[in-house]
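Single-structure report; data block below.
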Amino acid sequence: MSGKSFYEEAKREYERYGVDTDRAIKRLKDIPVSLHCWQGDDVTGFDHDGPLTGGIQTTGNYPGKAKTPEELMQDIDMALSLMPGKKKLNLHANYAIFDEAGFADRDALRPEHFAKWVRFAKERDLGIDFNPTFFSHDRVKDGLTLTSPNEDTRQFWIRHGKACVRISEYFAAETGVPCVMNIWIGDGYKDIPADRMGPRLRYKDSIEQIISEPHDASKVKICVESKVFGIGVESYTAGSAEFTLSFAASHEGILPLMDNGHYHPTEVVSDKIPALLCYFPEIALHITRPVRWDSDHVVLFDDETREMAKEIVRCDGLDRVHMALDYFDASINRISAWVVGFRSWQKALLYALCMPNETLKTLQDTNDLTKLMAMQEEVKMLPFGAVWEEYCRECGVDSGIDWFEKITDYEENVLVKRA
Ligand code: RNT
Ligand code: ZN
C-alpha cells in the first residue's frame, strides 16, 4: 500500500494516541528553516583566493563545486526543488557579488554587493539570514579579529560587523522577512594563553560597537554563536559558551546561538534548548552533525537531531527558535548533502509534531514513569513514513529515493561539465 490510502491508515493509527497528523503537516509548512549557501562551495565565497581559515575545515574534493554566483544559484535551485517545507536563504558576507557594484573590502561592503542575492531570494519568496565573515581574509592578524590587541585590526573587523548590520537591514526591508545576523569568530589560541580575560573584554567591546550601528531589532536579529574549540585553537576560544550566553543575556535584543557541534561530545543541545527558552524570548540554532568533533557532517534523522526537534516543539518554541543548517561536506555530491540534511531536519520536525506530547507530559507530571517509558517506546513504531510521504506529496517533492535520480542527472549534465 502507498499513497493517499497509506496515509489515511497512518492517520488513524496516530489518532489512537490523540495526534492530528493533518495539523502537524499544516504547521510544518509555515516554519522557515534557513539553508546555508556555504555547503555549495566548501565555504569559499567570491571575495578571496586564500584558504579557509578560522579553525574550520572542509574535507574532500568531489567534482562539480560551484565557482561563480551563477553556478551556486543554479545549485541552490536544484537543491530547493528536492526539499519540502518553507526555506530561508542563509548568506555569508564573503558571498558578496562584485560584478555590478565593483570590489569592496569586507569593511566597506554595501547592500548593492548583495543585490543579486536579493533578486534571487525575492523571486523564490525566501527570507534572508546573514553572517559577517570573520575568517578567510588577510586582515585576520595572528588568527585574531574582534579580539585582536592590534587596534587597527580590531577596528577593521568592527567596521565589517557594522557593514553587515546595514546589509541585514537591507535584506529585511527588501524581503519583508526579519534577518537573523549571526556573529561568530574563530579567535583563540593553540596553546595555553597568558591572558584569557583581555581578549574577551575586547570581544565584548567589539560586539557592543557593532550592535551600536542603528538597526530595528525586530527586523535585524543579532546573534552571538559560541564554540568550545577550533582546529589550531585547541586551548582557548574567546567566544566560549559562558561568554556568548552572558553577552546575549546582558544585552537587550541579542540572541544566543547554539551550534550543536560546539560542545563537549557528551553535552546535548536538546537539553540546552528548554533551558535557554526559560529566559530568552528568542534563540537561534545551527544544526549540524558532529562526529567526534565539530566535523560538520551532513545532518541525519538520528536520535539527537530528533531530540532537538522534539524540544523545540514541546516547548512551543517553533516561533521562538531560529533554525539554520550549518555543515559542509566536500566528499560527496554537495547538492545531495544539502538535500539530505534539509530533509532530515524536516523529518525531525514533522516527527516531533506527530508525538503525543501532551499525553507524555501528563504521564511525567503524574509520576506515571512506567507508562511514560512504555508509551515513548511504542510511539517509535507508529507509521511515520506515511506521514512524511504525505507531507512531501503536499509540498510537491518526491518522498522516497526517487529524488536521487535527479541528483545523478544533474551531476552528469551540469556538475561534471564545469571547468
Ligand atoms: C564554525 C561555526 C560557524 C561556521 C559558519 C560558516 O564552527 O559553526 O557558524 O560554520 O559561519
Ligand atoms: Zn555554526
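No other residue among S226, S250 is of a type in the set (S, T, Y), at pLDDT 95 or above and more than 16 Å from ligand 1 (Cβ to nearest atom) apart from S250. Filtering F130, F114, F134, F120 for residues that are touching a residue at least 24 places away in the same chain (Cβ under 8 Å), under 22 Å from N182 (Cβ atoms), touching a helix residue (DSSP H, G or I) at 6+ places or on another chain (Cβ under 9 Å) and part of a loop (DSSP other than H, G, I, E, B) leaves a single hit, F134. The residue that is nearest to the chain's Cα centre (by Cα), among those in segment 52-75 that are touching a residue at least 60 places away in the same chain (Cβ under 8 Å) and within 13 Å of V414 (Cβ to Cβ), is D75.
Restricting segment 374-413 to residues that are part of a loop (DSSP other than H, G, I, E, B) and touching an Asp or Glu at 6+ places or on another chain (Cβ under 8 Å) leaves a set whose member that is surrounded by the fewest Cβ atoms within 10 Å (Cβ to Cβ) is G400. Of all residue pairs spaced 6 or more apart or on separate chains, those with beta-carbon atoms under 6 Å, a first member in segment 255-271 that is in a helix (DSSP H, G or I) and a second member that is away from ligand 2 (no atom under 15 Å from the Cβ) are S270/E307; S270/E311. From the set of residues in segment 136-170 that are touching a strand residue (DSSP E or B) at 6+ places or on another chain (Cβ under 7 Å) and closer than 20 Å to S212 by Cβ, which is surrounded by the fewest Cβ atoms within 10 Å (Cβ to Cβ)? Filtering first and then ranking leaves T153. The set of residues in segment 162-218 that are assigned to a helix (DSSP H, G or I), within 16 Å of ligand 1 (Cβ to nearest atom) and within 25 Å of P32 (Cα to Cα) comprises C164, I167, S168.
Results for (1) within 17 Å of E225 (Cα to Cα); (2) of a type outside the set (F, W, Y); (3) under 18 Å from the mean Cα position of the chain (by Cα), shown as yes or no for each residue.
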| residue | (1), (2), (3) |
| --- | --- |
| A248 | yes, yes, no |
| P256 | yes, yes, yes |
| I273 | yes, yes, yes |
| P290 | yes, yes, yes |
| T305 | no, yes, yes |
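Flag: I31 matches the condition of being more than 16 Å from ligand 1 (Cβ to nearest atom), touching a residue at least 40 places away in the same chain (Cβ under 8 Å) and under 25 Å from V299 (Cβ atoms).
You will find that of A324, A330, A374, the residue that is out of contact with any helix residue (DSSP H, G or I) (no Cβ under 7 Å at 6 or more places or on another chain) and either within 16 Å of ligand 2 (Cβ to nearest atom) or of a type in the set (K, R) (or both) is A324 and no other. Among the conditions (1) more than 19 Å from the chain's Cα centre (by Cα); (2) within 16 Å of ligand 1 (Cβ to nearest atom); (3) buried (at least 21 other Cβ atoms within 10 Å of the Cβ), G261 misses just one, which is (1).
The values are calculated or read from the model by the stated rules, or taken from the named source; none is laboratory data. Keep in mind that what you see is a predicted model, and the values were worked out from it rather than measured. For neighbour counting, all protein chains shown are included, and Cβ atoms are generated from backbone atoms with ideal geometry for every residue, glycine included.
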